[in-house]
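The values are calculated or read from the model by the stated rules, or taken from the named source; none is laboratory data. Not measured: the values here are computed from a predicted model. Here Cβ is always computed from backbone atoms with ideal geometry, including for glycine, and neighbour counts include all displayed protein chains.
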Amino acid sequence: MPREGAAAEAGPDPAADPRTNIYLPRLAVVDRVVDEIADVRTLFWHFEDPEAQRAFRQFRPGQFAQVTVFGTGEFPASLPASPTEAETFFTVRQVGSCTAALHRLRAGDRFGVRGPYGNGFRMDDFAGQNLVFVAGGIGLIPLRSCILYALAHRSQYGRILVFYGAKTPRELMYRENLRSWEEAAGIECHLTVDQPGEGWTGHVGVVGGLFKKPGVQVPIENTTAFVCGPPVMFRFVIRDLTGMGLSPQRIYSTLERYMKCGVGKCGHCCIGVAYVCLDGPVFTCEQIQKLGEDI
Ligand SMILES: Cc1cc2nc3c(=O)[nH]c(=O)nc-3n(C[C@H](O)[C@H](O)[C@H](O)COP(=O)(O)OP(=O)(O)OC[C@H]3O[C@@H](n4cnc5c(N)ncnc54)[C@H](O)[C@@H]3O)c2cc1C
Ligand code: FES
């Protein structure tokens, strides 16, 4: 039988304290929901606790968070917002039970967030270099953060180029950003689709085809590339970039693995000796090749 007053003597429950229980999500509130493309939604959110909000906003581009939808489960999601932006959000494709449950949330609903986790892109390491971003489909989600971070620190970098492709014009994500990148000075943005239509007058073909588009000159000297997209796109783009002379050490990507803990405890995400949740999700192409990872 517990003694009277035992709870008070024992002090706060360590399992209920996010400083001592690394698995405990902090409560987040949905601010608004935006349909991005078919099956993909962006949820803008904030933490209930302003201190948690302040701490979280120290994140780096390329990091991820563990998202809990209460009563359903938890899954990893990238942080597409740049730390230089005011709002925080997730952009999530509905593929199974957790992502479907997240899609059902509406403004005012609560969910849980742990993080930020992972290594992310160390953007300061690329100072003085040209940055080439290549994305296909929802591969733009993790790269959006880096692109906006680089633009917010424009004077630190050389040329900034974005090559982005989707199956159809309807499947191009973050359209407002794409429009402003196409029009803005200081960034060269090239778009393509596999299947035109819907009044599309732009380039048609695979994203690597943009490298050879008239007027496009992809820098190789003093350049770092960031490539995210479906495996088939990744393979061809790596072949193209290395064929143009870019070293695999200078090409970065993010790996997706099944994750449970997100903090290096469960081993679910391991590829050989690497923990994708701790050592990644950002890896160079050279590291990916050494891991023997067949993307
Ligand atoms: C670091 C990281 C960042 C991610 N960021 C995003 C993001 O920003 N937006 C987004 O939409 N998704 C992202 N994902 C993928 C997302 O975590 C999965 O889609 C999600 O876990 C699926 O959960 P579910 O319960 O809805 O689907 P489940 O019922 O678990 O699975 C449904 C289907 O999706 C496949 N699947 C599930 N998880 C993964 C995975 N990790 N990799 C590949 N296939 C998977 C399953 O094989 C199955 O076919 C990220 C994954 C990682 C590891
Ligand atoms: S997800 Fe548990 S160790 Fe990486």
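Listing for the model above:
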quantity: Qualifying residue in region 73-85 (condition: modelled with pLDDT of 95 or more and farther than 23 Å from Cys146 by Cα); calculated: yes
quantity: Those residues of region 148-171 which are touching a residue at least 24 places away in the same chain (Cβ under 8 Å), over 30 Å from Glu198 (Cβ atoms), out of contact with any strand residue (DSSP E or B) (no Cβ under 6 Å at 6 or more places or on another chain) and surrounded by fewer than 17 Cβ atoms within 10 Å (Cβ to Cβ), in sequence order; calculated: Ala152, His153, Arg154, Gln156
quantity: Set Phe75, Phe44, Phe89: member being touching a helix residue (DSSP H, G or I) at 6+ places or on another chain (Cβ under 9 Å) and outside the structural domain of Gln156 (by TED's automatic domain parsing); calculated: Phe75
quantity: Yes/no for Val218 being among the aliphatic types (A, V, I, L, M), buried (at least 16 other Cβ atoms within 10 Å of the Cβ) and more than 23 Å from the chain's Cα centre (by Cα); calculated: yes
quantity: Residue in region 234-251 that is at positive phi, among the polar types (S, T, N, Q) and over 21 Å from the mean Cα position of the chain (by Cα) present; calculated: no
quantity: Unmet requirement for Ala107, which otherwise passes all of (1) within 16 Å of ligand 1 (Cβ to nearest atom); (2) part of a loop (DSSP other than H, G, I, E, B); (3) in contact with an Asp or Glu (Cβ under 7 Å, 6 or more places away or on another chain); calculated: (1)
quantity: Of all residues in region 277-287 being free of Cβ contacts under 8 Å to residues at least 40 places away in the same chain and not acidic (Asp, Glu), the one that is farthest from ligand 2 (Cβ to nearest atom); calculated: Thr284
quantity: Boolean, Cys269 is over 16 Å from the mean Cα position of the chain (by Cα), crowded, with 21+ Cβ neighbours inside 10 Å and farther than 23 Å from Asp125 by Cβ; calculated: yes
quantity: Per-region count, region 176-209, residues in a helix (DSSP H, G or I) and surrounded by fewer than 16 Cβ atoms within 10 Å (Cβ to Cβ); calculated: 5
quantity: Candidates Arg175, Arg159, Arg154, Arg110 - the one that is at pLDDT 95 or above, in the same structural domain as Leu24 (by TED's automatic domain parsing) and of a type in the set (D, E, K, R); calculated: Arg110
